[in-house]
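Structure first, commentary second.
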Amino acid sequence: MSKKEVKKVSKAPFNELPLSKENYLLMLAGLVIIIIGFVLISGSTDIYNFTKMKIAPNVLLFGFLFEIYAIMKKPKVKNPEA
(Lines give C-alpha, C1' and ligand atoms only; values in the text may rest on other atoms or scores of the structure.)
Protein backbone atom coordinates (compact mmCIF):
# COMPACT_ATOMS: atom_id res chain seq x y z
CA MET A 1 0.00 0.00 0.00
CA SER A 2 1.14 3.49 -0.73
CA LYS A 3 1.25 6.25 1.82
CA LYS A 4 -1.14 9.11 1.43
CA GLU A 5 0.46 12.52 1.37
CA VAL A 6 -1.08 15.02 3.68
CA LYS A 7 -0.98 18.61 2.47
CA LYS A 8 -0.21 21.11 5.16
CA VAL A 9 -2.19 24.28 4.90
CA SER A 10 -0.55 27.26 6.48
CA LYS A 11 -3.00 29.36 8.40
CA ALA A 12 -2.50 32.94 9.45
CA PRO A 13 -2.14 33.40 13.18
CA PHE A 14 -5.26 34.51 14.99
CA ASN A 15 -3.58 37.61 16.39
CA GLU A 16 -3.01 39.19 12.95
CA LEU A 17 -5.52 41.66 11.58
CA PRO A 18 -6.75 41.04 8.03
CA LEU A 19 -5.92 44.58 6.92
CA SER A 20 -3.01 46.88 7.60
CA LYS A 21 -3.02 50.06 9.67
CA GLU A 22 -3.06 52.10 6.47
CA ASN A 23 -6.29 50.39 5.37
CA TYR A 24 -7.99 51.18 8.66
CA LEU A 25 -6.90 54.84 8.49
CA LEU A 26 -8.26 55.10 4.94
CA MET A 27 -11.52 53.51 6.07
CA LEU A 28 -11.77 56.06 8.87
CA ALA A 29 -11.24 58.88 6.36
CA GLY A 30 -13.97 57.41 4.14
CA LEU A 31 -16.33 57.26 7.11
CA VAL A 32 -15.68 60.95 7.82
CA ILE A 33 -16.47 61.78 4.18
CA ILE A 34 -19.73 59.80 4.39
CA ILE A 35 -20.73 61.59 7.61
CA ILE A 36 -20.05 64.94 5.93
CA GLY A 37 -22.31 63.87 3.05
CA PHE A 38 -25.14 62.97 5.41
CA VAL A 39 -24.76 66.26 7.27
CA LEU A 40 -24.98 68.12 3.96
CA ILE A 41 -28.10 66.24 2.93
CA SER A 42 -29.90 66.70 6.25
CA GLY A 43 -31.59 69.80 7.57
CA SER A 44 -34.94 71.53 7.48
CA THR A 45 -34.24 74.06 4.75
CA ASP A 46 -35.54 73.92 1.20
CA ILE A 47 -35.62 70.32 -0.08
CA TYR A 48 -34.65 71.45 -3.58
CA ASN A 49 -31.54 73.22 -2.38
CA PHE A 50 -28.51 72.91 -4.70
CA THR A 51 -26.42 71.45 -1.87
CA LYS A 52 -28.96 68.72 -1.15
CA MET A 53 -29.62 67.87 -4.79
CA LYS A 54 -26.13 67.97 -6.29
CA ILE A 55 -23.28 68.24 -3.81
CA ALA A 56 -24.35 65.92 -0.98
CA PRO A 57 -25.14 62.86 -3.17
CA ASN A 58 -21.81 63.25 -4.93
CA VAL A 59 -19.97 63.50 -1.61
CA LEU A 60 -21.76 60.36 -0.40
CA LEU A 61 -20.95 58.48 -3.59
CA PHE A 62 -17.30 59.50 -3.33
CA GLY A 63 -17.24 58.42 0.32
CA PHE A 64 -18.62 54.96 -0.43
CA LEU A 65 -16.25 54.49 -3.38
CA PHE A 66 -13.38 55.60 -1.17
CA GLU A 67 -14.42 52.96 1.39
CA ILE A 68 -14.29 50.27 -1.29
CA TYR A 69 -10.82 51.47 -2.30
CA ALA A 70 -9.68 51.46 1.34
CA ILE A 71 -10.79 47.86 1.80
CA MET A 72 -9.35 46.57 -1.48
CA LYS A 73 -5.98 48.34 -1.26
CA LYS A 74 -3.16 45.87 -0.75
CA PRO A 75 -0.68 46.76 1.98
CA LYS A 76 2.88 47.56 1.03
CA VAL A 77 5.25 44.64 1.51
CA LYS A 78 8.54 45.49 3.16
CA ASN A 79 11.39 43.93 1.21
CA PRO A 80 14.21 43.02 3.60
CA GLU A 81 16.63 42.38 0.71
CA ALA A 82 16.50 45.92 -0.64
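The table that follows gives values for the structure above.
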item	result
P(r) tail fraction, segment 37-82 - alpha-carbon pairs more than 12 Å apart, %	68
Selection from 14, 66, 48, by position along the positive dipole direction of the chain (Cβ)	14
Value of Rg to Rh for the chain (Rh from inverse mean 1/r over Cα pairs, i.e. Kirkwood)	1.35
For segment 11-82, accessible area per residue (1.4 Å probe, heavy atoms of protein chains only), Å²	85
Spacing of the two label points (7 Å from each Cα toward its C-beta) at residue 79 and residue 32, in nm	3.2
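The values are calculated or read from the model by the stated rules, or taken from the named source; none is laboratory data. All values derive from a computational prediction rather than experimental measurement. Backbone-built Cβ (ideal geometry, glycine too); neighbour counts: all protein chains shown. Calculation scope for accessible area: heavy atoms of the full protein, side chains included, ligands and nucleic acids excluded. Shrake-Rupley method; radii C 1.70, N 1.55, O 1.52, S 1.80 Å.
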